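The values are calculated or read from the model by the stated rules, or taken from the named source; none is laboratory data. The structure displayed is predicted, hence computed values, not measured ones. Please note: Cβ atoms are built from the backbone with ideal geometry, for glycine as well, and neighbour counts cover all protein chains shown. These area figures cover heavy atoms from the full protein model, side chains too; ligands, DNA and RNA do not enter into them. Shrake-Rupley method; radii C 1.70, N 1.55, O 1.52, S 1.80 Å.
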Amino acid sequence: MRAVVQRVKWAKVEVEGEIVGQIDRGYMVLVGCEDGDGDKDRKYVEDKIAGLRVFEDENDKMNLSIEDVGGSLLIISQFTLLGDVRGGRRPSFIKAARPEFAREMLEQLMDNLRKRGLTVETGRFQTHMEVSLLNDGPVTILIDSRKGF
């Protein structure tokens, strides 16, 4: 499972002109599921998202987590994170998980983050979405469960 976490001042996602999810201070997170991902991968990404310390403390050091600052999450499904461009110019998505499985993994990830007390917004799975954000820093972190354990 891969996630791109961007610290934002605000973020929103629109589908056909309708805002379907929006947050103020927090993370905009793109998530891609790979064939073979399981509970261990999801738990790794979940723990990293909740525990990342990329918000400044009183000494301007990135030392606080999203839980510490009461931030929100906008989580967007993004199968293109699994695009492989090593073989040419057109990405191959052969390693991306099937939509049914990816949806289930994403839902479980969001449910578990909500159980931690975090506010979680999302887009609409398998639709064309327009995502807007104001990246704060900029701070952008890549999390890849396959490189984590």
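Using a 1.4 angstrom probe on heavy atoms only, work out the carbon and sulfur share of the accessible area of the stretch 54-98 in %. Carbon and sulfur: 46 percent of the exposed surface of the stretch 54-98.
Computed about the Cα centre, the dipole magnitude for the chain is approximately 540 debye when only Lys and Arg (+1) and Asp and Glu (-1) carry charge, each at its Cβ. Legend: calculated FRET efficiency, ILE141 to ASP60, from the Cβ-Cβ distance at R0 = 22 Å, rounded to 0.05, equals 0.75.
Counting only GluC sites (Glu not before Pro) that DSSP places in a loop and that have at most 13 other Cβ atoms within 10 Å, the longest clean stretch of the chain runs over 59-149. Secondary structure note: in the chain, about 75% of the DSSP beta bridges are antiparallel.
When the surface is traced with a 1.4 Å probe over the full set of protein chains, LEU133 keeps roughly 60 Å² accessible. Counted residue by residue at 0.36 nm each, then reduced by the alpha carbon distance between them, the extension gain from THR127 to ASP39 reaches 29.2 nm.
For the stretch 1-86, the solvent-accessible area of protein heavy atoms averages 48 Å² per residue (probe radius 1.4 Å; ligands and nucleic acids excluded).
Each other residue within a Cβ distance under 10 Å of GLY123 adds +1 if Lys or Arg and -1 if Asp or Glu, for a net charge of -1. Of the residues VAL13, MET1, VAL29, the one whose Cα sits farthest toward the positive end of the charge dipole of the stretch 1-55, with +1 on the Cβ of Lys and Arg and -1 on the Cβ of Asp and Glu, is VAL29. Taking the centroid of alpha carbons for each part, the stretch 23-68 and the stretch 79-98 are 24 Å apart. Less than 13 Å Cβ to Cβ from ILE19, Lys/Arg counted +1 and Asp/Glu -1: what total charge do the surrounding residues give? Computed value for this residue: -3. Here the extension length gained between GLU16 and ASP68 equals 15.3 nm, from 0.36 nm per residue of separation less the Cα-Cα distance. Using the Cβ of ILE141 as centre and a radius below 14 Å, the other residues enclosed give a net charge of +2, where K and R count +1 and D and E count -1. Over the chain, one equal point on each Cα, no solvent: what is log10 I(q)/I(0) by the Debye formula at q = 0.13 Å⁻¹? Calculated log10 I(q)/I(0) at the listed q: -0.57. Computed from Cα atoms, the angle from the helix 99-115 axis to the main principal axis of the chain rounds to 20 degrees.
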